[in-house]
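Beneath this line is the structure, given in C-alpha cells, with notes to follow.
The values are calculated or read from the model by the stated rules, or taken from the named source; none is laboratory data. Being a predicted model, the structure only gives us computed values, none of them experimental. With ligands, DNA and RNA removed, areas are computed over all heavy atoms of the protein, side chains included. Shrake-Rupley method; radii C 1.70, N 1.55, O 1.52, S 1.80 Å.
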Amino acid sequence: MARQVGDELVILDLQSGTYFGLNPVGARAWALLTDGKAIAEACDLMLDEYEVTRATLESDIRALVQTMADRQLVQIVEPTV
C-alpha cells in the first residue's frame, strides 16, 4: 500500500506493519515504474526533470528496486521479448 504525502511517498508493508518513505525523486521513480515503465524508460523521462547523469540515475533506481524487492515489497519482472 502506498500513499503520496506532500512530495514524498509512504509505503506500508502490510505483512510487517513497517512504513518506508521515499523522497521526491524516489517517489517519481516509483510512480513511473508502477505505471508500467521499464527502468530505462523511467530514466529517459527523469533525465529531463533532474540534473543528474544517466549512470547515477539508473544506478539509484536499480538500487531502489532491489531494496524494495529484498523487503518483498515488489517483484522484479524481466521484460519479455
Quiz item: Residue by residue, what Karplus-based ³J(HN,Hα) values in Hz, rounded to whole numbers, does the range 61-74 have, using 6.51, -1.76 and 1.60 with θ = phi - 60° and x for Gly and Pro?
Solution: 5, 4, 5, 4, 4, 5, 4, 5, 5, 4, 8, 6, 9, 9
Quiz item: For the range 8-18, in order, what is each residue's ³J(HN,Hα) by Karplus, 6.51 cos²θ - 1.76 cosθ + 1.60 with θ = phi - 60°, in whole Hz (x at glycine and Pro)?
Solution: 10, 10, 10, 10, 9, 7, 5, 5, 9, x, 8
Quiz item: Which ³J(HN,Hα) values, rounded to whole Hz and listed in residue order, are derived for the range 49-55 from phi using the Karplus coefficients 6.51, -1.76 and 1.60 in 6.51 cos²θ - 1.76 cosθ + 1.60 with θ = phi - 60°, glycine and proline given as x?
Solution: 9, 10, 8, 7, 6, 4, 4
Practice problem: At 1.4 Å probe size, with every protein chain present, just tell me what the per residue accessible area of the chain comes to in Å². | Solution: 70 Å²
Practice problem: Express the carbon and sulfur contribution to the solvent-accessible surface of the chain as a percent, rounded to the nearest whole number, probe 1.4 angstrom. | Solution: 51 percent
Self-check item: Using distinct alpha-carbon pairs, which all enter the 1/r mean, Kirkwood radius of the range 11-81 in Å
Solution: 12.9 Å
